[in-house]
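These notes are about the structure you will find just below.
The values are calculated or read from the model by the stated rules, or taken from the named source; none is laboratory data. Keep in mind it's a predicted model, so treat the numbers as computed, not measured. Every residue, glycine among them, receives a Cβ derived from its backbone with ideal geometry; neighbour counts consider all protein chains shown.
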Amino acid sequence: MAAEWRPAQRWLHWVTAVLVTAGFALAWVMTAIPFRQLALKFWLYQAHKSIGVLVLLAVVARLVLLARHGRPPSALTARAARWAAVGHWALYALLLIVPVLGYLTADTAALPIPTLFLGLLKLPPLLERDPARFAVLVVLHRAAAVALVGLALGHAGMALRHRTAGWFGRIGGGR
Amino acid sequence: MARLIALAVLLLAATSPPAAAGVYDFTQRHGAIGFKIGHFGLFTSEGGFERFSGHLVVDPARLEETRVEVTIDAASVAIAVPEAAAMLRAPDYFDVDRHPGISFRGTAVERRDDTHFHMRGQLRLRGVTREQTLEITVVDRHADGAGEVADVVVAGELSRGAFGMVADRSFIEDTVTLRILMRIRIAGGNGG
């Protein structure tokens, strides 16, 4: 068990938070702007998709670091720590699931628009275009994203609560 | 409402058809008119027209004298997503309220070899008429119960800008590639 979070773990935590916030905000904007603004819509979708891939990479890296270095001991009661663990693993799971569902959603969409990672690297589709699958995937992707953001807000709320209670948020780098 | 007029496909210009020529009508039931347009290497969009009709005068012994007239219902433009189809029907693109028809009149055919022909004609799109060339490849010719049919692939390119379709040039290329697949009757059947 580690004494405290490694700098890379802290850094990746906040990178994930920023990426998820940006990806979620972009999702609202990119779907709301009119189709007629083709180029803007295209590049907003591309930014959203690149963010998703980055989230996936960041979370995989975090899981590797977690497996290698573990996490600091919890200051919570045993019961609260169990609930916190459930919440944390659910967050990790959603952080993996939401980008994967998004990737598959893009693959199955009616228009053959590629996923250009960072606007440059064309990523290979994993599924064929398929409107029926798209209709299901888009709903699952959105639902999982809403669950992710809801859980992340809950996570932030609990962290703040513990911080104000005197258990300074260790992930924040405080004491 | 507007029925339409114009894109094109196959064969002859004319006066009176040659003595042995058959005259045939065709529609979307006999083939498909498709187009493709690039987005600067990012991806390619494909679409087509769901309603068109044409008139073909053809003599199997003298395919170079083939004449064709095609009228396409511009509002029947089809593409994978409804928003894109609506955009294509709007004034920036096909402007179907003002120009419901797209038409092509093929007036000169040049034989390259037994299966390849070059057709020149007039394409009218958005009220603008331009010379248009098409390459015709006969991929199959066979007899059916009523006479003889040919499967042809017609390919061509046009500049959308030449027809005043200049919107979204930063995202949609100017060159549109046409690909038309058609099973045409060249002898027998209901021709005359």
Among (1) touching a residue at least 40 places away in the same chain (Cβ under 8 Å); (2) touching a strand residue (DSSP E or B) at 6+ places or on another chain (Cβ under 7 Å); (3) surrounded by fewer than 14 Cβ atoms within 10 Å (Cβ to Cβ), B:D97 falls short only on (2)
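Conditions tested, residue by residue: (1) among the small types (G, A, S); (2) in contact (Cβ under 8 Å) with a residue 60 or more places away in the chain.
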residue	(1), (2)
A:R6	no, yes
A:W11	no, no
A:A17	yes, yes
A:T31	no, no
A:L38	no, no
Taking only pairs six or more apart or across chains, which ones have beta-carbon atoms under 7 Å, a first residue in segment A:118-134 that is on the phi < 0 side of the Ramachandran plot, and a second residue that is of a type in the set (S, T, Y)? A:L123/A:T115; A:L126/A:Y103; A:L127/A:T108; A:R129/A:T108; A:D130/A:T108; A:R133/A:T108; A:F134/A:T105; A:F134/A:T108
Kindly establish whether B:V176 is at pLDDT 95 or above, more than 14 Å from chain A (Cβ to nearest Cβ), surrounded by 16 or more Cβ atoms within 10 Å (Cβ to Cβ) and closer than 27 Å to B:L63 by Cβ. yes
Which condition number does B:S170 fail, the rest of (1) modelled with pLDDT under 95; (2) within 14 Å of chain A (Cβ to nearest Cβ); (3) surrounded by 14 or more Cβ atoms within 10 Å (Cβ to Cβ) being met? (3)
Can you find a residue that is crowded, with 20+ Cβ neighbours inside 10 Å, more than 10 Å from every other protein chain (Cβ to nearest Cβ), closer than 21 Å to B:V138 by Cβ and of a type in the set (A, V, I, L, M) anywhere in segment B:69-87? yes
Which condition from (1) exposed (fewer than 15 other Cβ atoms within 10 Å of the Cβ); (2) touching a residue at least 60 places away in the same chain (Cβ under 8 Å); (3) among the polar types (S, T, N, Q) is the one that A:T77 breaks? (2)
Taking segment A:112-135 and the residues there that are surrounded by 14 or more Cβ atoms within 10 Å (Cβ to Cβ) and of a type in the set (A, V, I, L, M, F, W, C), the one that is farthest from B:T44 (Cα to Cα) would be A:F134
Would you confirm whether any residue within segment A:146-161 is in a helix (DSSP H, G or I), within 17 Å of the chain's Cα centre (by Cα), β-branched (V, I, T) and within 14 Å of chain B (Cβ to nearest Cβ)? no
Please specify each residue of segment A:22-71 satisfying the condition of being more than 14 Å from every other protein chain (Cβ to nearest Cβ), of a type outside the set (K, R) and outside any helix (DSSP H, G or I). A:G70
Condition check: farther than 30 Å from A:R161 by Cβ, more than 14 Å from chain B (Cβ to nearest Cβ) and either hydroxyl-bearing (S, T, Y) or touching a Cys at 6+ places or on another chain (Cβ under 8 Å) (or both). Does A:Y103 satisfy that? yes
With respect to A:L116, determine if the residue is modelled with pLDDT under 90 and either touching a helix residue (DSSP H, G or I) at 6+ places or on another chain (Cβ under 9 Å) or more than 22 Å from A:V64 (Cα to Cα) (or both). no
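Quick check on B:T133: is it surrounded by 15 or more Cβ atoms within 10 Å (Cβ to Cβ), hydroxyl-bearing (S, T, Y), in contact with a strand residue (DSSP E or B) (Cβ under 9 Å, 6 or more places away or on another chain) and modelled with pLDDT under 90?
Spelling it out, it is not the case that B:T133 is surrounded by 15 or more Cβ atoms within 10 Å (Cβ to Cβ), hydroxyl-bearing (S, T, Y), in contact with a strand residue (DSSP E or B) (Cβ under 9 Å, 6 or more places away or on another chain) and modelled with pLDDT under 90.
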Please verify whether segment B:155-164 includes one or more residues that are hydroxyl-bearing (S, T, Y), away from chain A (no Cβ under 14 Å), loosely packed, with under 14 Cβ neighbours inside 10 Å and in contact (Cβ under 8 Å) with a residue 12 or more places away in the chain. yes
Give just the number: which of (1) in contact (Cβ under 8 Å) with a residue 12 or more places away in the chain; (2) part of a helix (DSSP H, G or I); (3) surrounded by fewer than 20 Cβ atoms within 10 Å (Cβ to Cβ) does B:E148 not satisfy? (2)
